[in-house]
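Notes for the one structure printed next.
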Amino acid sequence: MTGTLNKVMLIGHTGDDVKMHYFEGGGSLGRFPLATNESYTNKTTGERVTNTEWHNVVVRNKAAEICEKYLKKGDKVYIEGRIKTRKWQDDAGNEKYSTEIHCTEFTFLTPKDSSGAAPAGNQQQSASQPARPQSDNFTNKNESFSQEEEEDDLPF
């Protein structure tokens, strides 16, 4: 294989509400932490151990606005995206690094009744393209979609 692949799929709980940043050109950026857990039993002690890994998730434009509207702290969400590492210098001149998950698709997994945040049913959006308009009283509980399906020119 000559190509490379940078793809991340996570299911976890949000650690905070989405923090939005708006730009002059009309673009927006949303950031939130996502926690994933790993549990196992320590063979020597028989004790149950749980480790939590935190991920910095970045969502752009319309998808960021949808996340801000529906995602709340503690909600469960499926995130698909790419890993990106940023490098910068702090005030003391030290090099700092930050690893982020740049979200390209997501699906809300917390039922609306549990937190009041997500529409009833799964909702999947492509973060790189505008979202399909929909109302807050989303009723089809089995529908999950992405922009790729909507833009097909196939006759079937």
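The values are calculated or read from the model by the stated rules, or taken from the named source; none is laboratory data. This one's a predicted model, so the numbers in the text were calculated from it and none came from an experiment. Here the Cβ positions follow ideal geometry from the backbone for every residue, glycine too, while neighbour counts run over all protein chains shown.
A few remarks follow.
- Scope the stretch 5-33; condition more than 10 Å from the chain's Cα centre (by Cα), among the charged types (D, E, K, R) and surrounded by 11 or more Cβ atoms within 10 Å (Cβ to Cβ); matching residues: 16, 17, 19
- Qualifying residue in the stretch 8-18 (condition: of a type outside the set (Ser, Thr, Tyr) and modelled with pLDDT under 95): no
- Some residue of the stretch 43-55 being surrounded by 14 or more Cβ atoms within 10 Å (Cβ to Cβ) and among the hydrophobic types (A, V, I, L, M, F, W, C): no
- Subset of the stretch 63-104 (residues that are over 20 Å from residue 15 (Cβ atoms) and surrounded by 18 or more Cβ atoms within 10 Å (Cβ to Cβ)): 104
- Residue-level analysis places residue 131 outside the set of residues that are in contact with a strand residue (DSSP E or B) (Cβ under 7 Å, 6 or more places away or on another chain), modelled with pLDDT under 95 and under 17 Å from residue 19 (Cα atoms).
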